[in-house]
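A.B. asks: Take this structure, written in structure tokens, and hold onto it; I'll ask about it next.
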Amino acid sequence: MTNFPRAAVIGNPISHSLSPKLHNYWLQRYGISGQYEALDVSKDMLEATIRALPAQGFIGANVTIPHKVSVMKLAHHVTDRATLIGAANTLIFKNDGRVFADNTDGYGFMANMRQGAPGWDPKSGPAAIFGAGGAARAIIVALADVGVPEIRLANRTRLKAEALKAEFGARIRVFDWVQAGSMLDGATTVINTTSLGMKGAQEFKVSLAELSPDAVVTDIVYNPLRTQFLEAAAAKGCQTVDGLGMLLHQGVPGFERWFGTRPEVDEDTRRAVLS
Ligand code: NAP
């Protein structure tokens, strides 16, 4: 066993994860002796791994695809927001072996928007969300929490958007995917949560005819950093926020709980993670 605290990101596959760069940069920046590792863990090894980690000096972990939902069952305590979202991305291991699970994706989203678009007010008008996957769930919970008046939702598989409406209530209006551009009319916050536009995936193409230049637009895809969707919104005069900050900010609460220092997300952090 090591004599310094360890944390990790658990996923499968995991080699693409930027979390080790992020947390090891923060450890170095704040002079904390600790280590953050990437652990490639298959579904059938998840429980055994989680149970074994505390005895090996691990004080916590991030969890990513495909374990964000299944890890909930392995935790002894799950925060309300993780329960609402139905997934966890941050684990804290207690000395007695108990596992606490939280979800910080919604926090990361909000912190990124506030930092990237100072003056952004989610309450100022409807939010239009493309996509109804795991990330959309976290963002819906966060937006509902801060009192966004209406959430417009369009997803390729409409049933999934309808299911979110059934779960999260009347504030959600579902739009048809083929007419998704129509939900931009009057929207003040616009978010792509689909994986479209990601390197290697199809481009995200939607009509921006109804997009107001006053809207703040974000794409949670961060590879590439400037997606075509963001560029098109910027060309219409909108303030745009890239998705890297969401990833960086979602790491803040975990790092603080594990290592006792609240880390900064700033240009140096972005540079370190992108290097
Ligand atoms: P997910 O649960 O698998 O959801 C994927 C979403 O993309 C669904 O709405 C899906 O629609 C849609 N989609 C996929 N292929 C599509 C296509 N060809 N046409 C139309 N829609 C399509 O994934 P997730 O966890 O929500 O993540 C979504 C994206 O966000 C990923 O690119 C991920 O890397 C990124 N992300 C970024 C952050 C960050 O910190 N910046 C955090 C989380 C996720 P269907 O329901 O119809 O399949």
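The values are calculated or read from the model by the stated rules, or taken from the named source; none is laboratory data. Keep in mind that what you see is a predicted model, and the values were worked out from it rather than measured. Methodologically, a virtual Cβ is constructed for each residue, glycine included, from the backbone with ideal geometry; neighbour enumeration extends over all protein chains shown. All accessible areas refer to the heavy atoms of the entire protein, side chains included, with ligands and DNA or RNA removed. Shrake-Rupley method; radii C 1.70, N 1.55, O 1.52, S 1.80 Å.
A.B. asks: If you go through segment 51-73 one residue at a time, do you hit one that is surrounded by fewer than 24 Cβ atoms within 10 Å (Cβ to Cβ) and either of a type in the set (Asp, Glu) or in contact with a His (Cβ under 9 Å, 6 or more places away or on another chain) (or both)?
C.D. replies: Looking for residues that are surrounded by fewer than 24 Cβ atoms within 10 Å (Cβ to Cβ) and either of a type in the set (Asp, Glu) or in contact with a His (Cβ under 9 Å, 6 or more places away or on another chain) (or both), one finds none in segment 51-73, hence no.
Yes or no, residue by residue, for (1) in a loop (DSSP other than H, G, I, E, B); (2) modelled with pLDDT under 95; (3) touching a helix residue (DSSP H, G or I) at 6+ places or on another chain (Cβ under 8 Å); (4) within 14 Å of the ligand (Cβ to nearest atom):
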residue: Leu153; (1), (2), (3), (4): no, no, yes, yes
residue: Leu159; (1), (2), (3), (4): no, no, no, yes
residue: Leu164; (1), (2), (3), (4): no, no, yes, yes
residue: Val174; (1), (2), (3), (4): no, no, yes, yes
residue: Ile191; (1), (2), (3), (4): no, no, yes, yes
residue: Thr194; (1), (2), (3), (4): yes, no, no, yes
residue: Glu210; (1), (2), (3), (4): yes, no, yes, no
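A.B. asks: Return the residues of segment 156-190 that are open to solvent by less than 20 Å² (accessible area, probe 1.4 Å) and within 25 Å of Thr240 (Cα to Cα); say none if nothing qualifies.
C.D. replies: Ala161, Ile172, Ala180, Gly181, Met183, Leu184, Ala187, Thr189, Val190
A.B. asks: Yes or no: Leu248 within 10 Å of the ligand (Cβ to nearest atom) and in a helix (DSSP H, G or I)? Give the steps one after another, and end with the answer.
C.D. replies: On the way: within 10 Å of the ligand (Cβ to nearest atom): yes; in a helix (DSSP H, G or I): yes.
Criteria met by Leu248.
A.B. asks: Determine which member of the set Ala8, Ala111, Ala55 is modelled with pLDDT of 95 or more and assigned to a helix (DSSP H, G or I).
C.D. replies: Details: Ala8 fails: assigned to a helix (DSSP H, G or I); Ala55 fails: modelled with pLDDT of 95 or more.
Answer to the selection: Ala111.
A.B. asks: Which of (1) away from the ligand (no atom under 16 Å from the Cβ); (2) at pLDDT below 95; (3) of a type in the set (Gly, Ala, Ser) is the odd one out, the single condition Ala187 does not satisfy?
C.D. replies: Only one criterion in (1) away from the ligand (no atom under 16 Å from the Cβ); (2) at pLDDT below 95; (3) of a type in the set (Gly, Ala, Ser) is unmet by Ala187, namely (2).
A.B. asks: OK, next. Here's a check for you: in segment 87-134, which residue that is of a type in the set (A, V, I, L, M) and under 24 Å from Ala166 (Cα atoms) is farthest from the ligand (Cβ to nearest atom)?
C.D. replies: The residue in question is Ala127.
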